1. At q = 0.08, 0.11, 0.14, 0.15 Å⁻¹, work out log10 I(q)/I(0) for the chain with the Debye formula, treating every Cα as an identical point scatterer and leaving solvent out; two decimals please.
2. Cut-off is 10 Å between beta-carbons; in what order do 279, 142, 150 appear when sorted fewest neighbours first?
3. Compute the angle between helix 89-99 and the longest alpha-carbon principal axis of the chain, please, reported from 0 to 90 degrees and rounded to the nearest 10.
4. Strictly greater than 19 Å: what percent of every Cα pair in segment 36-95 meets that?
5. Give the angle, between 0 and 90 degrees and rounded to the nearest 10, that separates the Cα long axis of helix 245-265 from the longest principal axis of the Cα atoms of the chain.
6. Rounded to the nearest 0.05, what FRET efficiency do residue 128 and residue 11 give with R0 = 35 Å and r taken as the Cβ-Cβ distance? Could you check?
7. Return 70, 289 ranked ascending by Cβ neighbour count within 10 Å, so the fewest neighbours appear first.
8. Please label the shape of segment 10-136 as rounded, prolate or oblate, based on the square roots a ≥ b ≥ c of the eigenvalues of the alpha-carbon gyration tensor (a/c under 1.5 means rounded; beyond that, a/b larger than b/c means prolate, else oblate).
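Coordinate-derived values only; no laboratory data. Predicted model only: the values in this text are computed from it and were never measured. Here the Cβ is made from the backbone with ideal geometry for all residues, glycine too, and neighbour counts use every protein chain on show.
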Ligand SMILES: [Zn+2]
């Protein structure tokens, strides 16, 4: 694994390599940006480069250090991750003690803290002291998709590296070349996951994603045509996928979006569910007010479930409203 395995983020990688070349490494980086963009992958490739015996701008993938890194046993890499959404203070205390030990094999020791926003305030304060005067051989990479949870004094001591969503075309290329998806499927997934490559790959590897989408489209179609029994008959399906409610509701949103876009423009290039164009052609026009009402209802339902409103009730209410609006 090295920088070549990373899709996108070329500017970030170049800047990190420039810092290595000039010997201007920061003691603490914050890799910040939405989830599943590849922040951890870049952090690992960067760490591997810094530990490699060849001391080049990219890992050699052959030296003892690179081999140990790949096997997950490099003594100079410390990777910390939350357990059940929390990084305990004890873990940070142990880390601070451990940091004072000189490198075992390489010239540096690299600490990666994934989801660093999951460190509690006490832990953050403890870590802060180390960030003020870290041992010279230490580089810390904090990763976060929610850096608002980090105390400002930590942020001010980090070099912040902002990760942005990956261009759709790059994701489409990856999904068609490496994951065997059709162009249509790859386009849909790339749009649906909005540049989050990790999510795109996860959807690709799930056998049921497109089946789920087909079923939802069918359910929504029947309900829009006034089939009341479908609302109650479909509750089992919605219950089954309760944990993925964001995904389910987003699939409906994308579908409704396609209906309105096609209805207004008659341009099938703008449709995201491209394989469903024959179906879209056969759907009678819906009033604009009604479509807008449906979109509002979906967004409201998502927020209600986020706020712990009873899931079953929220979904049922939403489907009933689909017929009323
Ligand atoms: Zn190497």
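1. -0.50, -0.83, -1.08, -1.16
2. 279, 150, 142
3. Taking the Cα atoms of the chain, the angle to 89-99 is about 40 degrees.
4. In whole percent, the long-distance tail amounts to 41.
5. Its long axis makes an angle of about 60 degrees.
6. So the FRET efficiency works out to roughly 0.75.
7. Exposure proxy ranking, most exposed first: 289, 70.
8. Note, shape of segment 10-136 comes out prolate.
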